Amino acid sequence: MMNLSTANLQISLNDGNSIPIIGLGTYSDPRPVPTKTYEAVKTAIEEGYRHIDGAYVYHNEHEVGEAIREKIAEGKVKREEIFYCGKLWSTYHDPEMVRPALERTLKALKLDYIDLYIIEMPMAFKPGEEFYPKDENDRIIYHKSNLCATWEALEACKDAGLVKSLGVSNFNRRQLELILNKPGLKYKPVTNQVECHPYFTQTKLLKFCQQHDIVIVAYSPLGTCRNPSWVNVSSPPLLKDELLTLLGKKYNKTQAQIGLRFNIQRGIVVIPKSITPERIKENFQVFDFSLTEEEMKDIEALNKNVRFVELLMWSDHPEYPFHDEY
Ligand code: NAP
């Protein structure tokens, strides 16, 4: 049984490693100049976070690495106490590009391994140096990749010691099954990182993942930012929700803390992003209270089945994951 009162709580992964149940997200939108990621990661480690979620495509992995290495040099943490998740971007799905992409992440971080490397999206884009390769009509150029071949290249990176665990992100059930049923599969995905919060509870995908010993990592656990250029703002702001507000009053917690606690109590890892020191602290203060079973059910009933992150601009991609039921 998980001890949910421990802030350094870890969840076991199917490959024998474990993942801290709360991590700091590092995708900043808008991206402040200078970006505040370096300070945010340092603050987070000071406050007790031991898990950082990042990606090469976020343009700030060098800052994440600098902050982590500084905290190690200070003696605040040891490398093996830190869990870093990096992501394979969609232009690097071809098997021969996988290891060079991971090595680029390691170089940016100035670390010699990472703890988790995940396929960021099942949709591949035209391989090359452009993150968003576009045609003359300003449309992203799609690419047909073979997710199983990409996965085998990732398995080789684990065998080479560059990464401890392998996972995926934004995969639906069919795409997970593609990997799970791959002939000769050496390592199962340990995690599937997907949008998950009280307005999008992922009940079916959670059940499927639990059956296969895959941990769900909840991105946008606070309902993300409200940038209409890529966020579906037709769904109301999560942190203004009445029930979360009411429960917050009961427990002397904020709506954000109630929302995070909801996922943690379901065995879901949360990676709230903040570059605001008070909020980084606040989001970590979720281990000194618990929601009752009835309150958990009431929050689950808030589910609207509407995503904030729909990625609709790529909905005609053959591997667009969100057409399927889950
Ligand atoms: P989020 O963590 O749900 O929300 C971040 C927003 O909430 C920011 O605007 C932040 O503002 C604000 N915030 C943070 N703590 C708060 C609090 N206690 N009270 C009020 N507002 C608060 O959204 P997200 O960044 O979309 O998701 C988290 C992380 O998941 C990302 O950073 C990234 O690492 C990962 N992610 C992955 C994918 C994927 O495809 N795999 C997609 C999306 C996100 P300030 O920063 O200004 O404080």
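Structure values in brief
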item: Subset of segment 299-326 [part of a loop (DSSP other than H, G, I, E, B) and surrounded by 15 or more Cβ atoms within 10 Å (Cβ to Cβ)]; result: Leu302, Arg307, Phe308, Val309, Glu310, Leu311, His317, Glu319, Tyr320, Pro321, Phe322, Tyr326
item: Neighbours by Cβ (under 8 Å, 6+ apart or cross-chain): first from segment 69-84, of a type in the set (A, V, I, L, M, F, W, C); second exposed (fewer than 13 other Cβ atoms within 10 Å of the Cβ); result: Ile72/Lys78
item: Those residues of segment 264-305 which are β-branched (Val, Ile, Thr) and closer than 30 Å to Ala40 by Cα, in sequence order; result: Ile264, Ile268, Val269, Val270, Ile271, Ile275, Thr276, Ile280, Val286, Ile299
item: Members of segment 264-298 that are more than 13 Å from the ligand (Cβ to nearest atom) and in a loop (DSSP other than H, G, I, E, B); result: Arg266, Gly267, Phe287, Asp288, Phe289, Ser290, Leu291, Thr292
item: Which numbered condition Glu195 misses (of (1) within 16 Å of the ligand (Cβ to nearest atom); (2) under 17 Å from Asp213 (Cβ atoms); (3) out of contact with any Asp or Glu (no Cβ under 7 Å at 6 or more places or on another chain)); result: (2)
item: Qualifying residue in segment 285-305 (condition: within 16 Å of His197 (Cα to Cα) and in contact with an Asp or Glu (Cβ under 6 Å, 6 or more places away or on another chain)); result: no
item: Filter result (of a type in the set (S, T, N, Q), in contact (Cβ under 8 Å) with a residue 12 or more places away in the chain and more than 14 Å from Phe200 (Cα to Cα)) within segment 217-251; result: Asn227
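Residue-wise test of (1) in a helix (DSSP H, G or I); (2) of a type outside the set (A, V, I, L, M).
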site	(1), (2)
Gln210	yes, yes
Ala218	no, no
Thr224	no, yes
Val231	no, no
Ser234	no, yes
Leu243	yes, no
Leu247	yes, no
Lys250	yes, yes
Phe262	yes, yes
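One line per residue, one yes/no per condition, for (1) modelled with pLDDT of 95 or more; (2) within 25 Å of Pro189 (Cβ to Cβ); (3) surrounded by 15 or more Cβ atoms within 10 Å (Cβ to Cβ); (4) aliphatic (A, V, I, L, M):
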position	(1), (2), (3), (4)
Ile52	yes, yes, yes, yes
Glu63	yes, no, yes, no
Glu74	yes, no, no, no
Lys87	yes, yes, yes, no
Glu129	no, no, no, no
Glu136	yes, no, no, no
His143	yes, yes, yes, no
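The values are calculated or read from the model by the stated rules, or taken from the named source; none is laboratory data. Every value quoted in this text rests on a predicted model; they were computed, and no experiment measured them. Positions of Cβ are generated from backbone atoms using ideal geometry, with glycine treated the same way; all protein chains shown enter the neighbour counts.
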